[in-house]
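The values are calculated or read from the model by the stated rules, or taken from the named source; none is laboratory data. Note that the structure is a prediction, hence the values are computed from the model and not measured. Cβ sites come from the backbone with ideal geometry, for glycine too, and all protein chains shown count toward neighbours.
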Amino acid sequence: MKPTDTNAPDYFHKVVDCQWACPAHTPVPEYIRQIAAGQFAEAYMINWRSNVFPGILGRVCDRPCEPACRRGRVDKEPVAICRLKRVAADYKEDIHERLPVAPKQKNGKRIACVGAGPASLTVARDLAVLGYEVTVFDDGKTAGGMMRSQIPKFRLPDSVIDEECGYIEGLDVAIFQNRWIASLRDLLAEDWDAVFVGTGAPRGRDADLAGRRESSAHIHVGIEWLANVAFGHVSEIGRRVIVLGGGNTAMDCCRSARRLGGEDVRVVVRSGFDEMKASPWEKEDAMHEGIPIHNFLMHKEFLHDNGRLTGVRFEKVRAEYDEKGRRNLVPTGEPDIVMECDDVLIAIGQENAFPWIERDIGLEFDKWGLPVLDPVTLQSTLPRVFFGGDAAFGPKNIITAVAQGHEAAISIDRFCRGRPLDKRPPATVNLVSQKMGIHEWSYDNQISEEARRKVPVKSLEEALSNIKAEFELGFDPRLACAETERCLNCDVQTVFTPKLCIECDGCVDICPTECITFTANGEEDDLRTRLKAPSRNPDQALYVADGLKTQRVMVKDENVCLHCGMCAERCPTGAWDMQKFYLNTALAGAEAPRT
Amino acid sequence: MTYLAKPRLLTADAPRNALGYTRRDYEGAISTLCAGCGHDSISAAIVQACFDLDIEPHRVAKLSGIGCSSKTPDYFLGNSHGFNSVHGRMPSVLTGAALANRNLIYLGVSGDGDSASIGIGQFAHAMRRGVNMTYIVENNGVYGLTKGQFSATADKGSKSKRGVVNSDSPIDLVTLALQLGASYVGRSFSGDKEQLVPLIKGALRHNGPAFIDVISPCVTFNNHAGSTKSYDYVREHNEAVNRVEVILPRDKIETSYPPGSLRRVVQHDGSILHLRKLAEDYDPSDRIGAINYLQGRQALGEIVTGLLYVDSSALDMHSHLNTVEKPLNQLGDAYLCPGSKVLEALNTSLR
């Protein structure tokens, strides 16, 4: 193998699994250390720079970081990253002094953002601090978009949304509520320098089955119903409720129904339990509230008695996979199942809809009804118009919307300054030795062997009696501190300097996970078979260094490195060093390198 | 050297041996030796050898004397029997233990000070008595604990860290062991586990006194230019006569070598040593030839390593003395102390 080029900024970044998995590349281990030190405001600001909504995301993020967490590979469960983020938001002191200030003198460029959801607000924040005049339009009464309308209050209280949207309004961003943009053509005629579309995926998919029309009074589309609940238009539901669908919206629907009077609430899904789109923890929360999940049942017909919904008929299916690994759900041939109910909530997917964008203004759409965009710059075929969030590539999640908001802001800034959009400012990287003395590091390298802490919750009785009462209480500082200790500090990198190595094997012998080997070089597949510990995760890199006196190479399997620094403590010559990697992702306004 | 204990976190797919143990199960306390000390590598090699041989930790007794080397039994086989004896007196304590219980695997760990200076008499007698043990000398040529004076194995003409030249002749423990009747003699280097681990495995499975001299650089006091026991010097002058592979009765033999290049030695317990020749004219069954070869190469400044001599039919102390098979602690009081009548009868028969 070729020696690893650790100067390539992605190499060490990929070692920090959580940060690499986060669409916004939040420096997770760094903020976890700040929480451990009780520096909640500091931890909050690290988050705020990367993901704009730490308090919101600390409650409802899809947390791609946690399945990626290295701890999950050496222990039973990953670090509770998401809920630690909430701790930073809950316990920070006033942070207004730490927030950037929008310049008094504006740069004369006017940007319109359509929709006041996470993508638009991110664009607004990134551009406002550079002196852009940003105006956000939304048809709702308050800012927040789907975060406010679709996520139940018992998971995400309004106060958190108000606070974090408020920080953005505080940057001289004008947010016009209750203003529905009915025509992109008219908006473009208002002479904006750029328009950002962050309108989400606002249409819930319906189930067009027999009986749907007749019994429509008691059949509701999930996200619309959730919005009605959120804004207080709906405050009760029948005793027996069936929720169709297996995603996170379905979980929000069933748990909301449980709080509005539903006693027999059940979720019915076409797919198997493990293939459901809902996050495992959301399924757990639903089941904790006494909601059963029925799998492999395909909804076939709404049963009614002269327009009064009486139940749903389901066909039993099983999953078959074709040679390409695609799943087909085929009927098992067993008799259909009828479940009686008073109300049905349909949460089987969301779709994009742009009824307000004229199709003859030069903005192209693909065959799925999504705008044709440059995947990096997020620019549409109308150069002035950019997209982000669910509106860009279909429904994903908040953290992806934020990441796309950052990219769109960079594009808009470069567009307004007449710079080429495809030359992007790079992330900057800092790598600093953590050595303080012979056995002293400026991070806590002792590995906690404790299990993941559970977040305290309200009693079921209390939680189900009030739909606005937040279900989770969050970690208290003591629990949070114990959980922070489980973080392996993957951003503190093992950096090897071959010319200092005397090949004493000290590092090989001490490594608790046996991830270091000195051996003759070879191709990667061959090398992986010759390592001291079996190397069975090809997704994780091998760190290879040559230039040793014996002509062998040092091979370190990054897969299960605990970043405990023992190799560096055992190294007599300082050939191993522990260096903290800190990635500053580019934000709008950063310059691209001259080439 | 670190103050922290190794975390116990283990991946689910960590290799396990036939007993279900991981390598970590053969480790001991965290080492307090200097970072980069060769002794730690030897400890790791012992861990690896015991793991590979599926040795039950409670079947091993590890004994040592005094010195950096003699501290190391604390750092491996944490679940085995141990005895940290008086300076240079490991061989006699071990001999006594072996006499009392021949069912354990005896591992003596010593250093060049412990064995070539204060304990040279003990070393000599353990070898000539044929104690069934593995005797490992962790040889770094200096007294590390007392700040790096030359030890008795330091080569004449080699330089100390402060530039003093050694004027005394060295003791070569390998030649002594050969002369005194050791039936398994090897030399290796702490920085070459591929060679060292099989040598230790062969020794642990050998019946009779097995001696291994392991050159183990002292990073703090003897790893400089002018030293003949530094990492660089040993690597440059290392001349291996063969490579050993230990094959247990349960293993399938898969290696194939051209005819004539491989010597097969079947040991007393059925284990097989495969010796792959590296030096054309070397015969590891010839004790006198081995001594001559060693002296010749040593004069040229080479460090001869490998399995230098093995006699698989050797007898040990127990057969010399015709001792009882059972460990004394299993014989029972009546057998061990048959009473005054039996004594009287014995005395009468001798009058």
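Here are some notes:
- Being outside any helix (DSSP H, G or I), farther than 19 Å from A:Asp5 by Cβ, at pLDDT 90 or above and not basic (Lys, Arg) is a property that does not hold for A:Ala592.
- Single condition B:Gly96 does not satisfy, out of (1) away from chain A (no Cβ under 14 Å); (2) of a type outside the set (A, V, I, L, M, F, W, C); (3) touching a helix residue (DSSP H, G or I) at 6+ places or on another chain (Cβ under 9 Å); (4) farther than 30 Å from A:Arg536 by Cβ: (3)
- Residues being part of a loop (DSSP other than H, G, I, E, B) and either over 12 Å from B:Lys6 (Cβ atoms) or more than 7 Å from chain B (Cβ to nearest Cβ) (or both) - total across region A:562-583: 7
- On the stretch given as region A:545-579, residues that are in contact with a Lys or Arg (Cβ under 8 Å, 6 or more places away or on another chain) and among the hydroxyl-bearing types (Ser, Thr, Tyr) total 1.
- Screening A:Gly389 with (1) crowded, with 22+ Cβ neighbours inside 10 Å; (2) farther than 30 Å from A:Ala278 by Cβ gives one miss only, at (2).
- Condition check for A:Val555: in contact with a Ser or Thr (Cβ under 7 Å, 6 or more places away or on another chain) and more than 9 Å from chain B (Cβ to nearest Cβ): yes
- Candidates are the residues of region A:293-310 that are in a loop (DSSP other than H, G, I, E, B) and out of contact with any helix residue (DSSP H, G or I) (no Cβ under 9 Å at 6 or more places or on another chain); the one that is farthest from A:Arg255 (Cα to Cα) is A:Asn306.
- Selection count where residues are within 12 Å of chain A (Cβ to nearest Cβ) and either closer than 13 Å to B:Val197 by Cβ or over 23 Å from the mean Cα position of the chain (by Cα) (or both), scope region B:23-59: 10
- Pair list, Cβ under 7 Å, 6 or more apart: region B:139-155 residue basic (Lys, Arg), other residue part of a loop (DSSP other than H, G, I, E, B) and modelled with pLDDT of 95 or more: B:Lys147/B:Phe221
- Checking each residue in region A:407-438 for being within 14 Å of another protein chain (Cβ to nearest Cβ) and surrounded by 15 or more Cβ atoms within 10 Å (Cβ to Cβ) picks out only A:Lys435.
- Subset tally (residues that are surrounded by 18 or more Cβ atoms within 10 Å (Cβ to Cβ) and polar (S, T, N, Q)) for region A:172-206: 1
- Boolean, A:Leu57 is of a type in the set (A, V, I, L, M), part of a helix (DSSP H, G or I) and within 22 Å of A:Gly389 (Cα to Cα): yes
- A count restricted to region B:160-215 and to residues that are polar (S, T, N, Q) and surrounded by 24 or more Cβ atoms within 10 Å (Cβ to Cβ) stands at 3.
- A:Glu407 vs. criteria assigned by TED's automatic domain parsing to the domain that holds A:Phe53 and not hydroxyl-bearing (Ser, Thr, Tyr): no
- Against the conditions (1) under 20 Å from the mean Cα position of the chain (by Cα); (2) part of a helix (DSSP H, G or I); (3) of a type in the set (Phe, Trp, Tyr), B:Phe211 satisfies every one except (2).
- Within region A:222-250, the set of residues being under 28 Å from the mean Cα position of the chain (by Cα), under 22 Å from A:Glu275 (Cα atoms) and not in a helix (DSSP H, G or I) comprises A:Val243, A:Leu244, A:Gly245, A:Gly246, A:Gly247.
- Within region B:7-21, the residues that satisfy the criterion of being of a type in the set (A, V, I, L, M) and either within 14 Å of chain A (Cβ to nearest Cβ) or without any contact (Cβ under 8 Å) to a residue 24 or more places away in the chain (or both) are B:Leu9, B:Leu10, B:Ala12, B:Ala14.
- Boolean, B:His318 is outside any loop (DSSP other than H, G, I, E, B) and in contact (Cβ under 8 Å) with a residue 40 or more places away in the chain: yes
- Filter result for the condition that a residue is at pLDDT below 95 and touching a helix residue (DSSP H, G or I) at 6+ places or on another chain (Cβ under 6 Å), over A:Ile438, A:Ile467, A:Ile398: A:Ile467
- Of the residues screened, B:Asp168 is not one that is of a type in the set (Asp, Glu) and within 14 Å of another protein chain (Cβ to nearest Cβ).
- So A:Leu363, is it over 22 Å from the mean Cα position of the chain (by Cα) and crowded, with 16+ Cβ neighbours inside 10 Å: yes
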